[in-house]
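Shown next, in structure tokens, is the structure this report addresses.
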Amino acid sequence: MLAATGEQARLLFFLAGGERFALDVTYVREILPPGEVTPVPFVPDTVAGIVNHRGTIFTLVRFARLAGLGADEPGAVVLLRLPEMAVGLVVAGIEGIERVSGRLVAAALPEGTAAPVAAFVRRAADAEGRLVHAVDADVLIDTIYQLPGLARAGEA
């Protein structure tokens with residue numbers, strides 16, 4: 001996620017757990033407003049439930065909980081582009097998509113600030129020096145694949 005100097009990346013900036021995150025849009029299939037979610041029993045509390053979108057059943061994961069930040073009111077759903085699963089992230093809000101030149105650079109947290117504990121986030125700063133958590137999509141996907149009770153695409 002931390003791009004090499006001179007590279008350009010398109011990043012989706014979103015909010016979750018009171019924090020700001022950036023995810024490479026290569027991994028984003030679609031962004032939806034929050035809708036009616038069907039609860040699923042016997043899954044971890046990181047799973048919000050399932051939703052049928054255009055004939056595909058997506059498992060919705062609460063991003064803030066997955067990142068170790070507690071609960072959020074749903075403000076949007078980010079459907080991910082994954083090879084083996086139909087998954088969406090429930091987030092608090094969408095800031096937008098920006099083309100970022102150069103690099104998100106590693107940044108220290110201000111004193112007294114709690115950080116997400118998830119392995120898939122790295123504290124960074126954008127070109128304007130604003131703090132953001134860069135999401136390592138590959139680690140995020142591995143984390144989602146390890147959630148118990150989630151069906152792989154094609155499983156009944």
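What follows draws every value from the coordinates through simple rules; no lab data is involved. Given the structure is predicted, the values throughout are model-derived calculations rather than measurements. Don't worry about glycine lacking a Cβ; one is built from the backbone with ideal geometry, like all the others, and counts go over all protein chains shown.
For the range 73-86, 3J(HN,Hα) computed residue by residue from phi via the Karplus equation (6.51, -1.76, 1.60; θ = phi - 60°) reads 7, x, x, 6, 10, 9, 7, 8, 9, 10, x, 10, 9, 9 Hz, glycine and proline entered as x. Which residue, GLN8, VAL47, LEU89, has the largest displacement toward the positive end of the dipole of the range 1-99 when charges sit on each Cβ (Lys, Arg +1; Asp, Glu -1)? It is GLN8.
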